[in-house]
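No value in this document is a laboratory result; all are computed from the given coordinates. In this text the structure is predicted, and so the values were computed from the model without any measurement. Reconstructed Cβ throughout: ideal geometry from the backbone, glycine too, with neighbour counts over all protein chains shown.
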Amino acid sequence: MKKHLSKTYKWLDDRLDLTSLSHFIEKKTVPIHRSSIWYYFGGVSLFFFIIQVCTGILLLFYYKGSADLAFESIQFIMSKVEFGWLIRSIHAWAANLFILSVFIHMFSVYFEKSYRRPRELTWISGVLLFFLTLFFGFSGYLLPWNKLAFFATKVGTDIAGNVPIIGEALKGFLRGGDDVTGATLSRFFGFHVALFPGIFTTILVIHLIMVQRQGMSEPIESDKETTVKNKTMPFFPNFMLRDMLLWLVVLNVLAILAVFFPAELGEKADAFASAPAGIKPEWYFLFMFQTLKYIPAKLFVFDGEILGILLFGLAGLLWLLVPFWDTKSSKGIRNRKMNYLGLAAVAFIIILTILGWVS
Amino acid sequence: MNNNLQNRRSFIGSILTIGLAGLGGSILYPIFRYLVPPKQREVEVSNVSGGKLKDMENDSYKIVRFGNKPVILIRTDKGELKALSAQCTHLDCTVQYKKSEGVIWCACHNGKYDLNGRNISGPPPRPLDPYNVKLKGDEIIISRKV
Amino acid sequence: MKRILSMITAVFIFCIISVNGAPAAEDKCYLCHSTMDDKESKLFKDDIHFQKGISCSGCHGGDNTAEDNDAAMNKQKGFIGVPKGNKISEVCAKCHGNEKIMRGYGSKLPVNQYDNLVNSVHGKLAVEGSVRIVQCITCHTAHGIKSVKNPLSPVYPLNIPQTCSKCHSDAGYMKTYNPSLAVDQYTMYKSSVHGKLNSSGDPKPAQCASCHGSHDIKPVKDIRSKVYPVNIPGTCSNCHSDKEYMAQYKIPTDQFAKYSRSVHGIALLEKNDPGAPACNNCHGNHGATPPGVESISKVCGTCHALNAELFSSSPHKKAFDEKNYPECETCHGNHEIVTATNKLLGVDKDAVCISCHTDPNSSGYKSAKLMRQLIDSLDNTKNAAMVLINIAEQKGMDVTEAKFKLRDINQIKLEARTQVHSFDPSKFKDVVSKGLLIGSDASADAKGAIHEYSFRRVGLGVSVFLICLLAFGLFLYIRRIEKK
């Protein structure tokens, strides 16, 4: 067996120069420090993405993306296809956990100021990936074509329509018409299985290549410490095996969730039925939704909704450009203000999510 | 000490092997079963209507749906009714009746059958399955040939 | 001269009459008109009003003490001449609607006739436009009015059918009011038991007024009508449940009680289902049986057509005809028809089959037993499936499809119960087999769901175990390589 493996390796190495690659991997190290644990969340997010791609492709074999058939096709998957319930439930749970993991990864990178020079582009690609993750969530949610999703999409695209200047055009583009119809479903299906995966994968590859090229960022304090030699561990096999271990735990959690809390389907969407009582967006949009609720309908001359959108737009933009306005961190100076800002943001998100959930 | 180490090594190794193989199996098995399409409960169809006799001219044919399979119903120039499976035994294309030659013809690869279903020319390897036809008043009833 | 002579005659006659204690002691109207030989006064002699001392002026107004024409027929004294149209009934109502006046004459008659008439179907305006269809005198006549109890009165029970048919059997006349109304009621009535007894001089059986009312007749479709379907059983039972009234006719008087307990009675009387049969649907409205039905024992098939058809081609038909058994009634009863349950079929003590098919070796006995077993098995298969479905549902598994399938069994049960009437076990078995198949399918689905439940958890257990095993191994491996 070993002989065959080494023979295959040699054959490939001859053609692809695997040796230099393996040397690079062998040399890669991961710093060990107090905050090392956060290093794992990028990998966990990647793991979730892989799961989504695999379960998503499997679901594609049976899902039918038209308004008359979508709901029924998912019923079919849940009840008739062997293990269909498992694939769909994993896909649904992994989606939520994926978004959660991305949040954690993003904020841990923020608090560690890993976005500082020379990793600005990594940060930007990462934030773009984060936005894409949210778009994945929004587009995928509509695909079962049930009542909750229908109205959630209605509200969401309505809000998009409030963006100044381009709002109406954007709303029409998203909806594939004036209202949420089968045309919207087709579009969202296209977004979810083709457009977004394509863009995401491209940016992800860039993101990963940059991480590999630049190595792991270390906390600002350890930059200064020269007395104690930084502890490191080799990426391969130590860190990678640890990563695998965590991935196994995550897989376990996914399996348990899928069996004990299988994905629900609800009722088929009906454009002429009333919105279900207590309808609210998925948890990852709740904080924005709740904030919009608190903004008064009219503030001076501005429409409350537009104000809200501009607010979040501005926040998003600032967030994207953090490496460029946090100049202190780029210089390697500890910047407590960023931590406070970040904590405030996290608190805001958590509190508003809870408020949105209980109201 | 070496022995102990060896034992421990092989113990860990076996755990890893079993665990990996087991996990691989428990992931691949559901995926494999998932990919096998579920059996659609086939509604037992025992007979179907072929329409009214007066609606069928002599020397004409029509394709009738029998459950989820096509059946070719032919009214010969002498007025006789014949029913056969319309799925060509070569590669499953749906056959038709060629008036000019008085044969059943498959457009895909030029296979030909006589009016009893026997394959007489071209690639089809087997004859077409026959069906029973009878008249109930003016209505044509097609049923399976037992 | 002539005048004086007639007056002397009048006085003379008057004296004679007054000696006889006749009323209208000073009734100049009558005295005068009777000498004139007019028809009305001839009739009026036998009129109950005359006998009670009411003069012509009681209705026509004027001064009945005046001998002079102008003084007597004086508008100032209330003379109205011959009342026309609705005025006629108003004249009657002036007294007959007044309690004080009526009691003053010692009459126990009701005083609501005019009000009832005005609100009844006869109180509607006639086709000419302004006059009601019927005035009091239409039925009671004008001058020879007799008491209802008087056999000579047109509204004496024996005479009522003829009185009503004067209009109601006149097709031309009735067409102008309601072309859809039948005009054969009188003819049909004469062929019925009520009609025959009535014709032979018995005033007790029902005639038109008994069921339709007298002054307060409403159209049949009016819910207030005594012959509105929901009200009919009550109307019939007014006589038919009265033991004393019916004593001489020697027929039971428990029909209404029985009917009220029956399926038909509950449907009509409690659920107000107008599709359910009242007495007249089986017994006929006016005739002896409903139109087109040869005898009451064949009437069930007019609604229960399929059962009747199956029965007609079954072996029971010939047997029942030979023994002169009524077809449906023999097993199902006539008035107290209750919902047929499975218990009606079979060979145990509650079943009807065993009342004839007593020999356990007879084919009838065996067929009955088999059919009962088959229909019971339908219930069993449904219950068994429901039990499994509930277990699966409890576990949180989706069994909507199995439940949906089971609904068909109810349909099959209905079909089977109809098919019983062919009394052919093989046909019956065919129907029931479909149901048994459905039941076993649903059971299999439910069992599958239950199995799936455990399978998922076992599968999870296995996967979790394997993952933990691998994680453990990894952990050991990592520990090992880091120890170095």
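Listed values, structure above:
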| quantity | calculated |
| --- | --- |
| Sites residue C:190 and residue B:76, calculated FRET efficiency, Cβ-Cβ separation with R0 60 Å, nearest 0.05 | 0.35 |
| Neighbour cut-off at most 16 other Cβ (10 Å), DSSP loop, GluC sites (Glu not before Pro), the stretch A:235-343 | A:264, A:267 |
| Cα gyration tensor of the stretch A:294-359 - equivalent ellipsoid semi-axes, whole Å, descending | 29, 17, 8 |
| Helix axis angle, C:425-483 relative to chain C longest principal axis, alpha carbon, degrees | 40 degrees |
| C-alpha center-to-center spacing [the stretch C:108-145, the stretch C:414-484] in angstrom | 79 Å |
| Average beta-carbon neighbours from other chains, 10 Å sphere, peptide A:70-81 | 2 |
| Quotient of Cα Rg and 2.2 N^0.38 Å for the protein assembly as shown, N being how many residues it contains | 1.63 |
| Histogram of C-alpha separations across the stretch C:193-278, 5 Å bin width, % | 3, 14, 20, 22, 20, 15, 5, 1 |
| Quotient of C-alpha Rg and 2.2 N^0.38 Å, computed over the stretch A:1-77 | 1.88 |
| Over the stretch C:226-339 - Rg/Rh using Cα atoms and the Kirkwood inverse-distance radius | 0.98 |
| Ordering of C:450-459, C:85-94 by packing [mean C-beta count within 10 Å, highest first] | C:85-94, C:450-459 |
| Between helix A:18-27 and chain A: long-axis angle, C-alpha atoms, 0 to 90°, nearest 10 | 90 degrees |
| Rounded to whole Å, sorted largest first: equivalent-ellipsoid semi-axes of the stretch A:1-159, Cα gyration tensor | 37, 26, 13 |
| 10 Å Cβ neighbours from other chains, averaged over peptide C:456-469 | 6 |
| Long pairs among C:369/C:447; B:62/B:136; A:154/A:268, criterion Cα-Cα beyond 24 Å | C:369/C:447 |
| Virtual spin-label span in nm between residue C:105 and residue B:11, 7 Å along Cα→Cβ | 12.5 nm |
| Sorted by Cβ density within 10 Å, fewest first, the residues C:176, A:153, C:289 | C:176, C:289, A:153 |
| Rh (Kirkwood; distinct C-alpha pairs) - the stretch C:361-483, Å | 17.7 Å |
| Check: the stretch B:70-146 dipole with +1 on Lys, Arg Cβ and -1 on Asp, Glu Cβ, in debye | 140 debye |
| Rh by Kirkwood over Cα pairs, then Stokes-Einstein D for chain C at 1.306 mPa s and 10 °C, µm²/s | 53 µm²/s |
| Residue order, fewest to most surrounding Cβ atoms within 10 angstrom, among C:3, A:119 | C:3, A:119 |
| Rg [Å, one decimal], Dmax [Å, integer] - the stretch A:74-159, C-alpha atoms | 17.0, 54 |
| Cα-centred dipole magnitude for chain B, charges only on beta-carbon of K, R (+1) and D, E (-1), debye, nearest 20 | 440 debye |
| The stretch C:211-249-the stretch A:112-169 distance, computed between alpha-carbon centres (Å) | 78 Å |
| Average projection area in nm² (convex hull over Cα atoms of the stretch A:226-359, one quarter of hull surface) | 15.1 nm² |
| Pairs beyond 24 Å (Cα-Cα), from A:171/A:293; C:87/C:221; C:258/C:413; C:317/C:343; C:190/C:298 | C:87/C:221; C:258/C:413 |
| Highest-MSF residue in chain A out of A:17, A:243, A:179 [GNM, Cα springs under 10 Å] | A:17 |
| In degrees, nearest ten, helix C:363-394 long axis to first principal axis of chain C (Cα) | 70 degrees |
| Test item: A:54-63 mean partner chain Cβ contacts at 10 Å | 2 |
| Rg/Rh ratio calculated on Cα atoms of the stretch C:128-215 (Kirkwood radius) | 0.98 |
| Likely footprinting exposure, C:398, A:68, fewest C-beta neighbours within 10 Å first | A:68, C:398 |
| Candidate aspartates and glutamates for bridging to residue B:145, where Cα separation is under 16 Å - those fewer than 8 sequence places away on the same chain excluded | B:44, B:129 |
| DSSP-assigned coil residues among chymotrypsin sites (Phe, Trp or Tyr not before Pro) in the stretch A:244-317, each with at most 13 further Cβ atoms within 10 Å | A:272, A:300 |
| Kirkwood Rh in Å, taken over all unlike Cα pairs in chain A | 22.9 Å |
| Cα-derived Rg to Rh of the stretch B:47-144, Kirkwood definition | 0.95 |
| Inter-label distance, nm, simple model (7 Å from Cα along the C-beta direction), residue A:212/residue A:76 | 4.0 nm |
| Furthest towards positive pole of dipole, C:464, C:33, A:86, structure part the protein assembly as shown, Cβ charges | C:464 |
